[in-house]
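**Q** Take a look at this one; I'll ask things after.
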Amino acid sequence: MASARIHEVIAKEINKDYHMDEVLIRIGSVAPDSWRNVENNLIFKDKYLTHFWNYRIKDGQANDYSEFYFKYYNELSNPVYFGYLIHLMTDQYWKTYVDPKYEFKKNNKNMLKMKDGIFLVDKNNFAHAERVRLQKILARIYKLGYFPIEESEIKNFYCKIDELDLSGLFGQNGTLNYINSKLSPDDNYESQEFKLYDFNDIINSIYETIEFIKRELIRLEMLHNSLSMKYKIAIDIETLLLESLNNAEGIKLQKNTQECLDYLISNNYIVDLITSMSKNNFLKIKRNLVESLEENNLNYNYINFGFSSKLQFLKERGYNLLIDNDIKYIKSANSVGIDTILFNEYDKEYNGYQSSDWFNVKSLVNKIYINKNYFK
């Protein structure tokens, strides 16, 4: 339920500690919901994509803000990225602790718990109408000004979030213009009493969310610092497979992959899966891929995609080791000091570590780690 103006208020209040550009952080705080306004691009018209949905979680709210945090850690000084993170964290708290007070599903129907204790089926979007009035009041109280609606009008705007289509944010049909036109104060917005929402409770929930986010930011920073001391392994996804990701019959893993990745993670290595296939192609199969990997009991930390340069991605995110079946990527990683294992049939022209069996990869990783004397 955390609507646009609630996201803006929370971002604006948190920004009192950071002093970033207010307009940019507010834009970032509403950006994840701009999927609704994406036109002619069904790939990006997907809330699960923009909200970093964790398909490994089957019940409850599952947007994984930690995935966003670690993927875009180096960009979090950019207020658009920071606002985006605040949105994801707000949704997590709101869905868990605030929404259930007012709205729930029963027998596949949207139910409301009114202030007087009566339960109603929401047949006529009553909750939406009250949310609109609530947001108009918040816009007045917290002095949320109008947004520019074109990217060219926004000074210092920069956003290259792979999971976001900016066409849903800007323009006459974009989210920013919708907020300006539909959620700004007008003469009639406070004329009726709320029958569903307790306004004081909403305000309290906003500040409880702010405290939650502040605690989480500290926790995530500490976690990032501890993870930076671990050995980070990037494995090309297709290197794990017997056939291409585009195989319509579903994925089939190479022999011994599960045992290898389980071993690496149990021995405190960070194991991320990466792919350099085109963004659009990957997004089409992301959900099915994650669910298929889960069905195959494959253990890993995160899947990363969307980079224009695999080498740049590895460097920026501090990976120590690349396991890949393409000698081109292996050699480019070698050239900048990243350890590598070529997973392919034996190549007599290549002098580095190589194997065609995941069973042997375990010992190779340990050997590389020990020989380099990492983090000593």
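The values are calculated or read from the model by the stated rules, or taken from the named source; none is laboratory data. Just so we're clear, the structure is a prediction, and the values are computed from it rather than from any experiment. Cβ coordinates were reconstructed from backbone atoms using ideal geometry, including for glycine residues, and neighbour counts include every protein chain displayed.
**Q** For the list (1) in contact with an Asp or Glu (Cβ under 6 Å, 6 or more places away or on another chain); (2) not in a loop (DSSP other than H, G, I, E, B), I need the number of the one condition that ARG140 fails.
**A** Going through the list (1) in contact with an Asp or Glu (Cβ under 6 Å, 6 or more places away or on another chain); (2) not in a loop (DSSP other than H, G, I, E, B), ARG140 breaks only (1).
**Q** Right, another one. Evaluate the stretch 28-37: report whether one residue or more is more than 16 Å from the chain's Cα centre (by Cα), in a helix (DSSP H, G or I) and charged (D, E, K, R).
**A** As a first pass, look at the stretch 28-37 and keep what is more than 16 Å from the chain's Cα centre (by Cα): 36-37.
Filter again for in a helix (DSSP H, G or I), leaving 36-37.
Restricting the remaining residues to those that are charged (D, E, K, R) gives 36.
Yes, the conditions are met somewhere in the stretch 28-37.
**Q** Looking at (1) polar (S, T, N, Q); (2) within 24 Å of the chain's Cα centre (by Cα); (3) at pLDDT 95 or above; (4) not in a loop (DSSP other than H, G, I, E, B), which one does ASN156 not meet, given that it meets all the others?
**A** Of the numbered conditions (1) polar (S, T, N, Q); (2) within 24 Å of the chain's Cα centre (by Cα); (3) at pLDDT 95 or above; (4) not in a loop (DSSP other than H, G, I, E, B), the odd one out for ASN156 is (4).
**Q** Of all residues in the stretch 96-131, how many are within 20 Å of SER3 (Cα to Cα) and part of a strand (DSSP E or B)?
**A** 7
**Q** Are there any pairs with C-beta distances below 6 angstrom linking a residue in the stretch 307-322 that is farther than 15 Å from LYS71 by Cβ to a residue that is part of a loop (DSSP other than H, G, I, E, B), with the two at least 6 apart or on different chains, and if so which?
**A** ASN320/TYR231; LEU322/ILE338
**Q** Could you say which residue among LEU322, LEU293 is over 30 Å from LYS47 (Cα atoms), aliphatic (A, V, I, L, M) and within 24 Å of the chain's Cα centre (by Cα)?
**A** One residue alone meets the criteria, LEU322.
**Q** Within the stretch 207-248, how many residues are polar (S, T, N, Q) and within 22 Å of the chain's Cα centre (by Cα)? Quick ask: steps written out before the conclusion?
**A** Here is the first cut: in the stretch 207-248, the ones polar (S, T, N, Q) are 209, 225-226, 228, 239, 244, 246-247.
Still in the list and also within 22 Å of the chain's Cα centre (by Cα): 209, 225-226, 228.
Residues meeting the conditions: 4.
**Q** Can you say whether ASN360 is surrounded by fewer than 18 Cβ atoms within 10 Å (Cβ to Cβ), out of contact with any helix residue (DSSP H, G or I) (no Cβ under 7 Å at 6 or more places or on another chain), without any contact (Cβ under 8 Å) to a residue 60 or more places away in the chain and under 17 Å from LYS315 (Cα atoms), as far as the supplied structure shows?
**A** Taking the combined requirement at face value, the residue does not satisfy it.
**Q** Inspect all residues belonging to the stretch 175-196 and state whether any of them is in contact with a strand residue (DSSP E or B) (Cβ under 7 Å, 6 or more places away or on another chain), buried (at least 17 other Cβ atoms within 10 Å of the Cβ), under 20 Å from HIS7 (Cβ atoms) and in the same structural domain as ILE25 (by TED's automatic domain parsing).
**A** Yes, because at least one residue in the stretch 175-196 is in contact with a strand residue (DSSP E or B) (Cβ under 7 Å, 6 or more places away or on another chain), buried (at least 17 other Cβ atoms within 10 Å of the Cβ), under 20 Å from HIS7 (Cβ atoms) and in the same structural domain as ILE25 (by TED's automatic domain parsing).
**Q** Follow-up question, since we're still on this one. Under 9 Å by Cβ, and 6 or more places apart or on different chains, what pairs join a residue from the stretch 279-294 that is in a helix (DSSP H, G or I) with one that is basic (Lys, Arg) and modelled with pLDDT under 80?
**A** Partner pairs satisfying both residue conditions: VAL290/ARG56; GLU291/ARG56; LEU293/ARG56; GLU294/ARG56.
**Q** Taking the stretch 215-274 on its own, how many of its residues are hydrophobic (A, V, I, L, M, F, W, C) and farther than 27 Å from GLU291 by Cβ? Before the answer, list the steps.
**A** Step one: list which residues in the stretch 215-274 are hydrophobic (A, V, I, L, M, F, W, C), which gives 217-218, 220, 222-223, 227, 229, 233-235, 237, 240-242, 245, 248, 251, 253, 260-261, 264-265, 270-271, 273-274.
Then drop every residue that is not farther than 27 Å from GLU291 by Cβ, which leaves 217-218, 222, 229.
Count: 4.
**Q** Considering each residue of the stretch 68-116, count those that are loosely packed, with under 15 Cβ neighbours inside 10 Å and among the polar types (S, T, N, Q), and give that number.
**A** 5
**Q** Oh, and also: Looking at the stretch 305-319, is at least one residue surrounded by fewer than 16 Cβ atoms within 10 Å (Cβ to Cβ), of a type in the set (Gly, Ala, Ser) and not in a loop (DSSP other than H, G, I, E, B)?
**A** No: the stretch 305-319 contains no residue that is surrounded by fewer than 16 Cβ atoms within 10 Å (Cβ to Cβ), of a type in the set (Gly, Ala, Ser) and not in a loop (DSSP other than H, G, I, E, B).
**Q** Filtering the stretch 254-275 down to residues that are part of a loop (DSSP other than H, G, I, E, B) and surrounded by 19 or more Cβ atoms within 10 Å (Cβ to Cβ), which residue is modelled with the lowest pLDDT?
**A** The selected residue is THR275.
**Q** Tally the residues that are of a type in the set (Gly, Ala, Ser) and under 17 Å from VAL271 (Cβ atoms), restricting the search to the stretch 352-371.
**A** 2
**Q** Checking the conditions here, which among TYR374, TYR369, TYR353 is of a type outside the set (D, E, K, R), surrounded by 13 or more Cβ atoms within 10 Å (Cβ to Cβ) and either under 27 Å from ASN54 (Cβ atoms) or modelled with pLDDT of 95 or more (or both)? Steps first, please.
**A** Numbers: TYR374 fails: either under 27 Å from ASN54 (Cβ atoms) or modelled with pLDDT of 95 or more (or both); TYR369 fails: either under 27 Å from ASN54 (Cβ atoms) or modelled with pLDDT of 95 or more (or both).
So the residue among TYR374, TYR369, TYR353 that is of a type outside the set (D, E, K, R), surrounded by 13 or more Cβ atoms within 10 Å (Cβ to Cβ) and either under 27 Å from ASN54 (Cβ atoms) or modelled with pLDDT of 95 or more (or both) is TYR353.
**Q** Sticking with this structure for a sec: Taking only the stretch 330-370 into account, find how many residues are assigned to a helix (DSSP H, G or I) and among the hydroxyl-bearing types (Ser, Thr, Tyr).
**A** 4
**Q** Quickly run through the stretch 323-340 and pick out the residues that are touching an Asp or Glu at 6+ places or on another chain (Cβ under 8 Å) and without any contact (Cβ under 8 Å) to a residue 60 or more places away in the chain. I'd like the intermediate steps shown before the answer.
**A** We begin by selecting, within the stretch 323-340, every residue touching an Asp or Glu at 6+ places or on another chain (Cβ under 8 Å); these are 323-327, 329-330, 333, 340.
Within the stretch 323-340, ILE327, ILE330, ALA333, THR340 meet the criteria.
**Q** Take ASP201 and tell me if it is at negative phi and in the same structural domain as CYS159 (by TED's automatic domain parsing).
**A** So ASP201 passes the test.
**Q** Give me the pairs, please: first residue somewhere in the stretch 1-28 and free of Cβ contacts under 8 Å to residues at least 60 places away in the same chain, second residue anywhere and not in a helix (DSSP H, G or I), beta-carbon distance under 9 Å, and either six or more positions apart or on two chains.
**A** Final answer for the pair search is GLU22/GLY145.
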